[in-house]
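Have a look at the structure below, then the notes.
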Amino acid sequence: MHANPYIVGNWKMNGTRAMLAEARAIDRAAARYPAVQVALAPPFTLIHAMADEVSAIGVGGQDCHAQPKGAHTGDISAAMLLDCGADFVIVGHSERRKDHGESDAEIKAKAEAALAAGLGVIVCVGETLEQRDAGKAEKVVGAQVDGSLPSAEAIAELAPGKVSVAYEPVWAIGTGRVAEVADVIAMHAAIRLRIEAAYGERADGVRILYGGSVNAENASGLLEAEGVGGALVGGASLTAESFVAIIAAAGAERD
Ligand code: 13P
């Protein structure tokens, strides 16, 4: 198990102010597991209020624009996220790649903009079921890593841990169908090789998170798997009850 696992909840398009009570409860529980780095990525509308109310967990955005400002109706820049209290941003989630047609190059530009603004970044990659069934999972995900990670220059001056990669097989997201641990290990190893090729020894500071139907029951097995540095959790991060169980699984044997 990773010495300092990163457990991140992605609330996607869920949550109004009433849900800040869940964030407060998650924050209180996270304080009991200092070796586990915990964060939530609520919708943009809740970032400011959530960041004001929590102290043990990070708060982040689910996307940002590559430009710092300008005529981009409906978009939010990395500097704006920082300004309202965020400390990281998720980029390249498969739902953004699909719903908004985001390319690897755009995602890389967003990741570099986020780092330049002072945010941490989680870059998401993952193959579709069709690609996996065609035996192309490693090739597809490898190309996504190569194309969407920030450049070696962009990370040269950063503290370790500012960049994470989330491996989220598209077919495991929101389906209840979790990837086999052996497949997770193989994919994380393949991703690690690409990160090492890009970053050299600075690759050590990059954690690779698994995402896709992570819940209280399967979290331990996934988090103990070789090469898994944490989890990116969707549905099971929406309540303190289910998310805290995942944080506790990450914290077991460590605190
Ligand atoms: P689920 O945990 O709901 O499958 O979502 C995973 C995900 O997409 C996190 O970013």
Response to the item:
Scanning the stretch 101-121 residue by residue, those in contact with a helix residue (DSSP H, G or I) (Cβ under 9 Å, 6 or more places away or on another chain), not in a helix (DSSP H, G or I) and not aliphatic (A, V, I, L, M) turn out to be 102, 103, 118, 120
Discussion item. Checking the conditions here, which among 40, 46 is part of a strand (DSSP E or B) and in contact with a Ser or Thr (Cβ under 9 Å, 6 or more places away or on another chain)?
Written reply: 40
Worksheet entry | helices (runs of 4 or more DSSP H) fully within the stretch 181-255 counting 1 or more residues that are of a type in the set (Lys, Arg) and surrounded by 17 or more Cβ atoms within 10 Å (Cβ to Cβ) | 181-199
Discussion item. Being within 13 Å of the ligand (Cβ to nearest atom), farther than 9 Å from residue 7 by Cβ and not hydroxyl-bearing (Ser, Thr, Tyr) is the filter here; which residues of the stretch 217-255 pass it?
Written reply: 217, 218, 222, 234, 235, 236, 238
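Restricting to the stretch 69-90, what's the tally of residues that are of a type outside the set (A, V, I, L, M, F, W, C), over 21 Å from residue 57 (Cβ atoms) and in contact (Cβ under 8 Å) with a residue 12 or more places away in the chain?
Residues flagged as of a type outside the set (A, V, I, L, M, F, W, C), over 21 Å from residue 57 (Cβ atoms) and in contact (Cβ under 8 Å) with a residue 12 or more places away in the chain within the stretch 69-90 amount to 1.
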Item to complete: Return the residue satisfying two criteria in turn: it lies in the stretch 163-180 and is surrounded by fewer than 20 Cβ atoms within 10 Å (Cβ to Cβ) and of a type in the set (D, E, K, R), and of such residues it is farthest from the ligand (Cβ to nearest atom).
Response: 180
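Bear in mind these aren't lab numbers, they're just calculated from the coordinates by the rules spelled out. Keep in mind the model is a prediction, meaning the values are calculated, not measured. Backbone-built Cβ (ideal geometry, glycine too); neighbour counts: all protein chains shown.
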